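Undergrad: Quick one: the structure is below, and I'll ask about it shortly.
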Amino acid sequence: MDILKLTFQLGVFFAIYSFIWFFIDLGIKILTSGSAKGLFQTYLLKGIKYLFLVNVIFLFSIAENEVSIEDGSMVPVVMILILYFIGRFQKTQSKNALFSRMGIQSNVIQFNSKYEIILITISILAFVGLTIEPSFAQNPVSLWFKESIIDIESTAIIGFVFKVIGLFFLLGILSKTVNTFKFILSKFTSKGNETQQDQFDDFEEVE
C-alpha cells in the first residue's frame, strides 16, 4: 500500500466526514432549540462521532485499498488515525486555552483532557476490534456514511475542494513525522554530548 496515497485519501475522508457531521450536529442543535450541551452530552456525541468515524475508515481501508486484515496492512491506518486524533486534541486544547486567557466561558467548546484521552483510546481500540471482528463494521449507519462520502468526493467542484484539504492533511502528517524524528534525534544528540562532556570532565579531574 502506498503510504502517501493512503494518507491523502484518509485526509479527504476525514474532511468530508467532518463536513457531514457538521450538519448532523446542526440538526441536533435545532431539535434541542440551541440549548447548551453539558460536558456529558458533549462527549457522548463526540464518542458517537469518533466511533462511526473509525468504522467508516475501516470500511474504506478494506474496500478501496483491497487491504488484507491479516497481513499487518492496517498498521499505517492505525498510525494515521492516532495522528489525526492527536491533532484534533491539540487543536481543541489550544482553542480552549485561548478562550480561557481571554476570560471567555464558551459553551461551544467543552473540553476535558482526561475525557479526550479516554475517548481517543476507546476509538483506536474500537478500530482494532473491527480488524478482529469485521462483521460489526457492516452496519447501516456506517455504510450510509461511507456511500455519502464517496458521493461527495466524486462531485466535481466540492470533491476538488476536499482533495485540496486532503493534500494539506498529507503535508501536515509529513510535517509532524519529520518534527518527531527531529525531536528524537535532538534527544539522542544532546544525550551524546552530555556523555562526552562528562568524560572530558573526568579526564580533567584525573590530570
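Undergrad: Based on the mean of other Cβ atoms within 10 Å per residue, sort peptides 128-139, 51-62 so the most packed one is first.
TA: Most protected by this proxy first, the peptides run 51-62, 128-139.
Undergrad: Mind giving me the FRET efficiency for Ile184 and Phe22? R0 is 45 Å, r the Cβ-Cβ distance, nearest 0.05 is fine.
TA: Values: r = 36 Å, r/R0 = 0.81.
It comes out at approximately 0.80.
Undergrad: Now for a separate question. Set the bar at 27 Å for Cα to Cα. Now go through Lys37/Lys114; Lys95/Lys146; Lys46/Lys182; Lys37/Lys163 and name every pair that lies beyond it. Walk me through the numbers before you get to the answer.
TA: Working: Lys37/Lys114 18 Å; Lys95/Lys146 30 Å; Lys46/Lys182 33 Å; Lys37/Lys163 33 Å.
From the list (Lys37/Lys114; Lys95/Lys146; Lys46/Lys182; Lys37/Lys163), the Cα-Cα distance tops 27 Å for Lys95/Lys146; Lys46/Lys182; Lys37/Lys163.
Undergrad: Now for a separate question. Please give the charge dipole size of region 108-189, origin at the Cα centre, charges +1 on K and R Cβ atoms and -1 on D and E Cβ atoms. Round to the nearest 20 debye. Before the final figure, lay out the partial values.
TA: Values: 6 positive and 5 negative charges, 103 e Å.
Result for region 108-189 is approximately 500 debye, rounded to the nearest 20.
Undergrad: Another question, if that's okay. By count of other Cβ within 10 Å, fewest leading, how are Met102, Met74 ordered?
TA: Numbers: Met102 9, Met74 21.
If I rank by nearby Cβ atoms, fewest first, I get Met102, Met74.
Bear in mind these aren't lab numbers, they're just calculated from the coordinates by the rules spelled out. Bear in mind the structure is a predicted one, so any value in this text is a computation, not a measurement. Neighbour counts run over all protein chains shown; Cβ positions are idealised from the backbone, glycine included.
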